Amino acid sequence: MTSERLWIAILAAVCFLAGGAGGVLVGLELPRPEPGPFAAFEERLAATFDLRRHERRVLRLALVQYRDEIEELKDRNVADCEAELVALGRECAGRIRQYVLPPERRAEFDTRIAGLWPPGALPPAR
């Protein structure tokens, strides 16, 4: 075996091992973040609507965005922010309805949250 072939074989082995290690790292699921203030809501919604892994991730993102928006509202130190807080809740519910739930389950979601906002506050089903 010539030295060129030996180096090519070594390079191929190193690439193979690096690819295998990278695949294992990508395949591992990241540790779940510490439960936040909406963890119980997230679990209950996921169980109620039998959400798949992807839908749970989108739900978690929507809830993190909602939490961040609430914190931003608190930081502004606005004395009368109830209307804005209600609007943020409507937006979060709309995101969950539109991007997390399958279309056939949206009516059930609307029924469950019906008392929270006036009729027509959420966007219509598409």
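The values are calculated or read from the model by the stated rules, or taken from the named source; none is laboratory data. Note that the structure is a prediction, hence the values are computed from the model and not measured. Positions of Cβ are backbone-derived with ideal geometry, glycine not excepted, and every protein chain shown enters the neighbour counts. Remember, those area values only see protein heavy atoms, side chains included, never the ligands or the DNA or RNA. Shrake-Rupley method; radii C 1.70, N 1.55, O 1.52, S 1.80 Å.
At a probe radius of 1.4 Å, what is the per-residue accessible area of L85, in Å² to the nearest 10?
70
Keeping all protein chains in place and using 1.4 angstrom, which order do C92, C81 fall into by accessible surface area, from largest down?
The ordering from most to least exposed comes out as C81, C92.
At 1.4 Å probe size, what's the solvent-accessible area of Y66? Round to the nearest 10 Å².
40
Using r as the Cβ-Cβ distance of L61 and A18, and R0 as 35 Å, what FRET efficiency do you calculate, to the nearest 0.05?
After rounding to 0.05, the efficiency reads 0.65.
Net charge near R112: determine it from the other residues with C-beta under 13 Å of the C-beta of R112, scoring Lys and Arg +1 and Asp and Glu -1.
Every neighbour counted, the sum reads +2.
Heavy atoms of the protein only, probe of 1.4 Å, neighbouring chains included. What is the accessible area of T2 in Å², nearest 10?
Using a 1.4 Å probe on the heavy atoms, I get roughly 80 Å².
Output the peptides 49-59, 12-22 sorted from most to least packed, where packing is the average of other Cβ atoms within 10 Å over each peptide's residues.
For the peptides 49-59, 12-22, the packing ranking is 49-59, 12-22.
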